[in-house]
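Heads up, the thing below is written out as structure tokens.
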Amino acid sequence: MSSSRRLRILSIAHPAISRDAARLRYHQLAARHDVDLHLVVPAEWKQFGRTIVADPSDCVNLTLHILPIRLPHVGPMNWYLHYYPGLRSVLRDVAADVVHLWEEPWSIVALQALVLKKRAALVIEVDQNILKRLPPPFEAIRKRVLRDTDHVLSRSPDATAVVRARGYVGPVSPIGYGIDQAVFTPGAGQGSENRGALRIGYVGRLVEEKGLDDALNALARTVTPVSLAVMGEGPHESRLRQRVDELGLSGRVTFQGWGPPVSVAAFLRTIDALVLLTRTTDAVREQFGRVIVEAQACGVPVIGSQSGAIPAVVGDGGWIVPERDPANLGRLLDHLAADRTQLRAKSISAPLNVESRFTNDVVADALASACKAAAASNRFSEG
């Protein structure tokens, strides 16, 4: 590629279907003077029982391609069978220097991009952090895609270990999630010293693996009237409500449904600490925990379990407790309720953790650096 023109990047990313979900990082990348950015997203996406329709572009520097997909959600493979019938023509017209995939390497769309990309370098972003052999043909697809990938962007050391174990030998760079700093901000007069009893909260899917049962059992053990506010929906909700009644916590636990990001931010500003107590299983290990950085950006520290990436993401902005250990969690809650000094200190550290590691600027820099390195090392580049 000639050094006199901008690096042309085409990113294929179903998570960027909406501005609220993940598109802001592309706005930051597109604003760079040395990048010509194209983004491919599905026209519709089905996830967790909801249908999401692609938002139009509101970024003048970003060329958005909204394409129909086939096989959006089929059987146990969920989202990994989809592909874009119109991708060939987009790749031909864009003539990208780098194709970036925010899709796992065993997905059909990853294979489709690999086959159609021609001379472009390939950068792939990975989250999967549990090593397991995939059923045919997905294991073969993963090995083929990783063999021809020029650079990997990895969400965690565990995700890096997975691609290394499956044959990838090239360079790896870390990448986190960015958050909308215009939405997730501390509130005026926010602080635990301005509230009564300690109030913890949870935002996310209501499934057994997220460990909310441990939070309820911990509340039942506290000597102080700690309360829990839950924002989310999922199949485990009825069992959680039943458990609240069994433990006599009906006056201390509240539930509310999903909301848009502005509602999530408003909810987070009403709590003293967020809990994310994911339980590691053969099939589940926390890959990142985006709500961690959303809470921290609001000045809310996080109490996380030891599952997967949680300790690394929480950093200095909270506390880590053992998985499935309500007694340990209960003691921590009593300690924080009795002495708010640690809460105040962690409330200061939390947004600093986000500012240094998890803004959209930081994520865009990681994307740009990886794509430049891939283009420079690409054996098909023009030099």
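With respect to residue 309, is the statement that it is among the aliphatic types (A, V, I, L, M), crowded, with 20+ Cβ neighbours inside 10 Å, touching a strand residue (DSSP E or B) at 6+ places or on another chain (Cβ under 7 Å) and in contact (Cβ under 8 Å) with a residue 60 or more places away in the chain true?
Taking the combined requirement at face value, the residue does not satisfy it.
From the list 24, 101, 81, exactly one residue is in contact with a strand residue (DSSP E or B) (Cβ under 6 Å, 6 or more places away or on another chain), surrounded by 13 or more Cβ atoms within 10 Å (Cβ to Cβ) and either in the same structural domain as residue 294 (by TED's automatic domain parsing) or not β-branched (Val, Ile, Thr) (or both). Which is it?
Only one candidate qualifies: 101.
Out of 16, 96, which single residue is in contact (Cβ under 8 Å) with a residue 12 or more places away in the chain and either under 21 Å from the mean Cα position of the chain (by Cα) or not assigned by TED's automatic domain parsing to the domain that holds residue 143 (or both)?
16
Look through 201, 196, 187, 176 and report the one residue that is buried (at least 17 other Cβ atoms within 10 Å of the Cβ), small (Gly, Ala, Ser) and either assigned to a loop (DSSP other than H, G, I, E, B) or not assigned by TED's automatic domain parsing to the domain that holds residue 263 (or both).
Going through 201, 196, 187, 176 in turn, the sole match is 176.
Output the number of residues of region 204-234 satisfying the condition of being touching a strand residue (DSSP E or B) at 6+ places or on another chain (Cβ under 9 Å), under 15 Å from residue 303 (Cβ atoms) and not aliphatic (A, V, I, L, M).
So the answer is 5.
Tell me, which residue of region 147-164 that is outside any helix (DSSP H, G or I) and of a type in the set (A, V, I, L, M, F, W, C) is nearest to the chain's Cα centre (by Cα)?
153
Among the candidates 290, 279, 269, single out the residue that is in contact with a Pro (Cβ under 8 Å, 6 or more places away or on another chain) and surrounded by fewer than 23 Cβ atoms within 10 Å (Cβ to Cβ).
Step by step, each of 290, 279, 269 is checked, and only 269 is in contact with a Pro (Cβ under 8 Å, 6 or more places away or on another chain) and surrounded by fewer than 23 Cβ atoms within 10 Å (Cβ to Cβ).
Limited to region 120-131, what total is found for residues that are outside any strand (DSSP E or B) and more than 21 Å from the chain's Cα centre (by Cα)?
Selection size over region 120-131: 1.
Exactly one condition in (1) under 29 Å from residue 131 (Cα atoms); (2) at pLDDT 95 or above is not met by residue 377; state its number.
Only one criterion in (1) under 29 Å from residue 131 (Cα atoms); (2) at pLDDT 95 or above is unmet by residue 377, namely (2).
Looking only at region 115-129, decide whether some residue is under 23 Å from residue 287 (Cβ atoms), modelled with pLDDT under 95 and not assigned by TED's automatic domain parsing to the domain that holds residue 284.
No, region 115-129 contains no residue that is under 23 Å from residue 287 (Cβ atoms), modelled with pLDDT under 95 and not assigned by TED's automatic domain parsing to the domain that holds residue 284.
The values are calculated or read from the model by the stated rules, or taken from the named source; none is laboratory data. The structure presented is a predicted model; accordingly, all values stated were derived computationally and were not measured. Every residue, glycine as well, gets a Cβ built from its backbone with ideal geometry; the counts of neighbours run over all protein chains shown.
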